[in-house]
Amino acid sequence: MRASYRTVLLLALIVAAAIGLRGILVISTDHSHLLRADAYEYYRYALNLKHCGVYSPSVESILTECEQTPVADNHRPPGFPLLILPFAEWPPTLAMMRDIQWVQVTLGAFCVVLTFLTFRKLGQGIAFGSAILVAISPHMVVASLNFLTENLFSLTLVVFLLTCARWNDKPTLPRATAIGIALALPLLVRPTTVFLILGVVPFCLWSTKKQRAKTAVAILGAFCLCFGPWYAISNFILPDRNVPSLALMSIHNGTYVDLTVGGDPNLRGEPHNHDPTFKERDTLPKVVSYLFKRVSEDPYTYIRWYLIGKPIMYFRWDVVAGFGDVFVYPVEYHGYSSNYWLHLSHLLMWNLHWTLTAFAVIGCVLAWLPKRFVSNRNETTVFISRIAALIIAYFIAAHIVGTPLPRYAVPIRPLMFALACWSAATLFTSARNLLLR
């Protein structure tokens, strides 16, 4: 059997394992409380758009079958509601929920394949290791169960990284245009990546010596063409809901040390639901003023929280603002407690969690060291490792400023797994070369 056939066969087995684990979880888990909070809001957007032709989370229009016209708003990006729109129906049924979950399972399988394709230039073993970790990661498996954006967002980030890797292989203008399109996709799912373009475009231009001006125009032009319509609609056509933006809510929640109110661990994760004074600070200047006041009263606690506590919380195993372990919403029974393979994968990943996290952080540092300090690196390896490290660093910084909920780290886990595998292999090779001198 030729190597290419072996590669395809092994990748197919990994994808089959990914589909199997996700499928078992879907059919063996309680669904009675999954359509709630953010998930329920995404569902209402899709339902109103499908049946009333209006992008709105209104409940009244659903209950009156659009007799009461819903009021459109721009509070949520349209990516995930558009994904589930073909399946949205009222009232929600188990069949509808299962259909959406199987779409999520499919996205998870694609994420495994694209993770392998993106990182194979770092080494075949590293690509396979990354794909296996994505396939069995409980956080990513549970993402197929929830009606939330983690799966789609993770896939769009990997697609973006793959597009960058393809451009680096052959830096043509069509491929630069593809980078701009791929950069807009995550932003249509979550607003977190709104400033990522400020790092990506300079990095790509720095990485090439050819047609820099045209490359910049191609990336920015394609990005504006893809994201521009939603930006124009959300800012100039759709009215605001007159509630604090998601960014302001994130920054405000993040000012609470350990995400608790009064240091009570029972109130961790959602300060806006537990502090009666929270709504008084409904603008960014008020939030910043509140933060400066708290810092001046206890600078050590707040400096430690922002520089150490937030990154550690961001990479925690438990989702914090959830219902235990990797579950965002409550489930009365689930496959991780009843299925041997799910339980085994959970046990393995739980034990590896902080080791993988540490190696991923080390990888972010190694990626930016000069080539002479790191063994077995070429221009392609340098580019892929650095842009992955850049994205991870961006997400860490964004959640140091905002709310460091661990489930917000789920979409970057494919990148973290790849850098963890790469840094472990690099350190091992460097140590071996040093000992053999």
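The values are calculated or read from the model by the stated rules, or taken from the named source; none is laboratory data. Just so we're clear, the structure is a prediction, and the values are computed from it rather than from any experiment. Here the Cβ positions follow ideal geometry from the backbone for every residue, glycine too, while neighbour counts run over all protein chains shown.
Data overview
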| quantity | calculated |
| --- | --- |
| Matching entry among Val134, Val113, Val141 (being part of a helix (DSSP H, G or I), over 23 Å from Tyr40 (Cα atoms), touching a Lys or Arg at 6+ places or on another chain (Cβ under 8 Å) and at pLDDT 95 or above) | Val134 |
| Of the criteria (1) over 30 Å from Ala218 (Cβ atoms); (2) part of a helix (DSSP H, G or I); (3) touching a residue at least 40 places away in the same chain (Cβ under 8 Å); (4) hydrophobic (A, V, I, L, M, F, W, C), which one Phe147 fails | (2) |
| Count - residues of segment 123-135 that are out of contact with any Cys (no Cβ under 8 Å at 6 or more places or on another chain) and surrounded by 24 or more Cβ atoms within 10 Å (Cβ to Cβ) | 2 |
| Lone qualifier among Val261, Val243, Val287 - being in a loop (DSSP other than H, G, I, E, B) and either modelled with pLDDT of 90 or more or in contact with a Leu (Cβ under 8 Å, 6 or more places away or on another chain) (or both) | Val261 |
| In segment 77-100, the residues that are in contact (Cβ under 8 Å) with a residue 40 or more places away in the chain and of a type in the set (D, E, K, R) | Glu89, Arg98 |
| Out of Val189, Val159, sole residue that is under 26 Å from Leu246 (Cβ atoms), buried (at least 24 other Cβ atoms within 10 Å of the Cβ) and in contact (Cβ under 8 Å) with a residue 12 or more places away in the chain | Val189 |
| Flag if Phe160 is farther than 20 Å from Arg407 by Cα and either assigned to a helix (DSSP H, G or I) or not acidic (Asp, Glu) (or both) | yes |
| Candidates Arg316, Arg294 - the one that is of a type in the set (Lys, Arg) and in a helix (DSSP H, G or I) | Arg294 |
| Meets criteria (small (Gly, Ala, Ser) and in a helix (DSSP H, G or I)) for Ser154 | yes |
| Tally of residues being assigned to a helix (DSSP H, G or I) and without any contact (Cβ under 8 Å) to a residue 24 or more places away in the chain across segment 390-437 | 6 |
| Selected residue (only one of Gly335, Gly322, Gly262 is over 21 Å from the mean Cα position of the chain (by Cα), of a type in the set (Gly, Ala, Ser) and surrounded by 14 or more Cβ atoms within 10 Å (Cβ to Cβ)) | Gly335 |
| Neighbours by Cβ (under 8 Å, 6+ apart or cross-chain): first from segment 23-38, among the acidic types (Asp, Glu); second at pLDDT 90 or above and surrounded by 17 or more Cβ atoms within 10 Å (Cβ to Cβ) | Asp38/Leu148 |
| Residue ID - surrounded by the fewest Cβ atoms within 10 Å (Cβ to Cβ), chosen from residues in segment 339-358 that are assigned to a helix (DSSP H, G or I) and among the polar types (S, T, N, Q) | Asn351 |
| Residue check for Leu49: assigned to a helix (DSSP H, G or I), at pLDDT 95 or above and of a type in the set (A, V, I, L, M) | no |
| Any hit, segment 208-227, residues being modelled with pLDDT under 95, surrounded by 20 or more Cβ atoms within 10 Å (Cβ to Cβ) and in a loop (DSSP other than H, G, I, E, B) | no |
